[in-house]
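Got a structure for you, written out below as structure tokens; questions coming shortly.
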Amino acid sequence: MAPVRFRLPSFWSCAFTCVTVLSALDGGVAAYRSPNIVLILTDDLDIAIGGLSPLTKTRKLIGDAGISFKNAFVASPLCCPSRASILTGKYPHNHHVINNTLEGNCSSTAWQKSQEPQAFPALLKDHAGYQTFFAGKYLNEYGNSKAGGVGHVPPGWSYWIGLERNSKYYNYTLSVNGKAQQHGADYSKDYLTDVLANRSLDFLQYKSNFQPFFMMVSTPAPHFPWTPAPQYQDKFSDIQAPRDPNFNVHGKDKHWLIRQAKTPMSNSSIKLLDDAFRNRWRTLLSVDDLVEKVVQRLEARGELDNTYIFFTSDNGYHTGQFSLPLDKRQLYEFDIRVPLMVRGPNIKPNQTSLLPVANVDLGPTILDMAGYNLNKTNMDGMSFLPVMVGQVNSSSWRTDILVEYEGEGRNVSDPACPLLGPGVSECFPDCVCEDSYNNTYACVRTVAPSANLQYCDFADNEVFVEVYNLTADPYQLTNIASTIDQEVLERMNQRLMMLQSCSGQSCRTPGVYDARYKFDPRQMFPDRAHRLSRLRQVLK
């Protein structure tokens, strides 16, 4: 058994002991037959530009030992809305988290009251008899003093180690069961990925043996500031960001935000993104170590065979695609498609699935594993447990997934880029901006035997539409909105309109179209029209 680097404080030891005793008194032995579940969530890990390459242990221990989903998507390509979708099983239009700010409902008091009590960890703990453990980044505004500070422990967690605010590697604050714990810059004690690994091992060592457990570990890597562990800081020195066909290419037929990117990129931007790419990979080596330690500890304890282990990310990332230096937030595959690998009971090894799944499906799948009746939830996602154990006919599986994003922009011009005017944000020194207030869109991503398409509408003055045939054009170089068959365009528009108003079961129908919906992109985003109108008034 691998040694534990440090033992739990006496409070934690007592807490685990109490749970063990109470579980035994409560006759919890029978519940132990339920499977254990581990969710390892990375931050900004792509799949389209090689994000899994450095994770050799993870691919072997989870992917090769189970199933890899090649068409796994996020409901929104931004941290907080995406994480809210994971926790609630809902699309953004139903959980109402629209960006990473408190004003955008990220970990706000409204979120805490309306969504947290029904998030899947709360259902696991309160209704399925699970002991639950969280360690790492939760939501970007978690710990904000205006929303309860680090004293707020979300319902559903037996043991809570939450990072205050956004991803860091050193010099951060953790909420340990509601008490602030400061960390500095000593690698041996403070490197966050390693701290999360060690706390996870502590939980596995001291948890109750009479209850099943759910453990969620949310790493900072490979999110900015991309700080690798000392032993990995010189790795991949000869690697550069992939020069795929859409690298440093002008998106001439795309939304204005993409069209404004400068092509060719400046030498400084290319150096920046290459350096970032290397450091992102370097930070992932510590994640790889974390995965190995968790799997080894489960195996040493005799619990691996009864444990499902998920590995995924909250969104993808880009480094130079369509001449955008560094970010996410866009509708393209590199930002919305993520790794998803799962191993566990009755999942045969070395499987690959092409069926489309989304992060709104994680909560329903985990609840299904725990034996919870999904009809009691109002989640938009669906369990893909039957897919993993070979009990699904692909013809009955859903074909469409919704992706939603509401752009952010300030009502003042960026001082470095005054010619772009107000409304832009995330701007680089050479005035390439990664976001804007009207970078607001909704897409339907269709994956079916007869179609591999993406249809997107923008809530802007252009009423801009982007459509891609991913079979013929996997790098999304050509927007075919003006050339695609009108009937196909109308059907995709109809499907998008239905998904944007869906809730629960109506989000899961496999490619159903309704002729009552007439093709009119201007009908999109009705709830956002007033906000855009007000912002345009401010920007005048």
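Condition first: out of contact with any Gly (no Cβ under 7 Å at 6 or more places or on another chain) and closer than 18 Å to Pro117 by Cα. Now tell me which residues in region 142-151 satisfy that.
Once the filter is applied, which keeps residues that are out of contact with any Gly (no Cβ under 7 Å at 6 or more places or on another chain) and closer than 18 Å to Pro117 by Cα, region 142-151 yields Ala147, Gly148.
Could you list all residues from region 123-138 that are of a type in the set (A, V, I, L, M, F, W, C) and more than 16 Å from Asn375 (Cα to Cα)?
Within region 123-138, Phe133, Phe134, Ala135 meet the criteria.
Could you tell me whether any residue of region 465-485 is in a loop (DSSP other than H, G, I, E, B) and among the charged types (D, E, K, R)?
There is at least one residue in region 465-485 that is in a loop (DSSP other than H, G, I, E, B) and among the charged types (D, E, K, R).
What's the total number of residues in region 34-48 that are under 18 Å from Leu331 (Cα atoms) and either modelled with pLDDT under 95 or open to solvent by 10 Å² or more (accessible area, probe 1.4 Å) (or both)?
So the answer is 2.
A follow-up question, please. Quickly run through region 244-287 and pick out the residues that are charged (D, E, K, R), under 21 Å from the mean Cα position of the chain (by Cα) and surrounded by fewer than 21 Cβ atoms within 10 Å (Cβ to Cβ).
Answer for region 244-287, where residues must be charged (D, E, K, R), under 21 Å from the mean Cα position of the chain (by Cα) and surrounded by fewer than 21 Cβ atoms within 10 Å (Cβ to Cβ): there is none.
Take region 338-368 and flag every residue that is in contact (Cβ under 8 Å) with a residue 24 or more places away in the chain, assigned to a helix (DSSP H, G or I) and surrounded by 23 or more Cβ atoms within 10 Å (Cβ to Cβ).
Across region 338-368, the qualifying residues are Asn359, Val360, Asp361, Leu362, Gly363, Ile366, Leu367.
List the helices (runs of 4 or more DSSP H) that sit entirely inside region 179-268 and contain at least 1 residues that are polar (S, T, N, Q) and touching a residue at least 40 places away in the same chain (Cβ under 8 Å).
192-206
Given the criterion acidic (Asp, Glu) and more than 16 Å from the chain's Cα centre (by Cα), identify the matching residue among Asp368, Asp335, Asp327.
Asp368
Follow-up question, since we're still on this one. Hey, can you tell me all the residues within region 285-310 that are closer than 10 Å to Ala197 by Cα and among the hydroxyl-bearing types (Ser, Thr, Tyr)?
If the condition is that a residue be closer than 10 Å to Ala197 by Cα and among the hydroxyl-bearing types (Ser, Thr, Tyr), then Ser286 is the only one that fits.
Tell me, yes or no, whether region 114-128 has at least one residue that is buried (at least 17 other Cβ atoms within 10 Å of the Cβ), under 24 Å from the mean Cα position of the chain (by Cα) and in a loop (DSSP other than H, G, I, E, B).
yes
Looking at Ala261, Ala300, Ala241, Ala276, can you tell me which residue is at pLDDT below 95 and aliphatic (A, V, I, L, M)?
Step by step, each of Ala261, Ala300, Ala241, Ala276 is checked, and only Ala261 is at pLDDT below 95 and aliphatic (A, V, I, L, M).
Output the residues belonging to region 166-200 that are open to solvent by less than 10 Å² (accessible area, probe 1.4 Å) and of a type in the set (A, V, I, L, M).
Leu174, Leu192, Val195, Leu196, Ala197
Ok, one more. Being farther than 15 Å from Pro220 by Cβ and without any contact (Cβ under 8 Å) to a residue 40 or more places away in the chain is the requirement here; does Ala147 meet it?
Here the answer is no, as Ala147 does not meet what is asked.
A quick yes/no check of all residues on (1) open to solvent by 10 Å² or more (accessible area, probe 1.4 Å); (2) in contact with a helix residue (DSSP H, G or I) (Cβ under 7 Å, 6 or more places away or on another chain); (3) not hydrophobic (A, V, I, L, M, F, W, C):
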site: Asn411; (1), (2), (3): yes, yes, yes
site: Pro422; (1), (2), (3): yes, yes, yes
site: Tyr437; (1), (2), (3): yes, yes, yes
site: Tyr441; (1), (2), (3): no, no, yes
site: Val444; (1), (2), (3): no, yes, no
site: Tyr455; (1), (2), (3): no, yes, yes
site: Val463; (1), (2), (3): yes, yes, no
site: Tyr468; (1), (2), (3): no, no, yes
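Being touching a helix residue (DSSP H, G or I) at 6+ places or on another chain (Cβ under 9 Å) and either open to solvent by less than 10 Å² (accessible area, probe 1.4 Å) or in contact (Cβ under 8 Å) with a residue 60 or more places away in the chain (or both) is the filter here; which residues of region 388-398 pass it?
If the condition is that a residue be touching a helix residue (DSSP H, G or I) at 6+ places or on another chain (Cβ under 9 Å) and either open to solvent by less than 10 Å² (accessible area, probe 1.4 Å) or in contact (Cβ under 8 Å) with a residue 60 or more places away in the chain (or both), then Met388, Trp397, Arg398 are the ones that fit.
Next question. Inside region 78-104, can you point out the residues that are open to solvent by less than 10 Å² (accessible area, probe 1.4 Å), modelled with pLDDT of 95 or more and in a loop (DSSP other than H, G, I, E, B)?
Leu78, Gly89, Tyr91, Val97, listed by residue number.
In a helix (DSSP H, G or I), of a type in the set (Val, Ile, Thr) and surrounded by 21 or more Cβ atoms within 10 Å (Cβ to Cβ): does that describe Thr312?
No; evaluated as a whole, the condition is false for this residue.
The values are calculated or read from the model by the stated rules, or taken from the named source; none is laboratory data. It should be emphasised that the depicted structure is a prediction, and the values quoted were computed from it without experimental measurement. Don't worry about glycine lacking a Cβ; one is built from the backbone with ideal geometry, like all the others, and counts go over all protein chains shown. We work out accessible area using only protein heavy atoms, side chains counted, and drop any ligands, DNA or RNA first. Shrake-Rupley method; radii C 1.70, N 1.55, O 1.52, S 1.80 Å.
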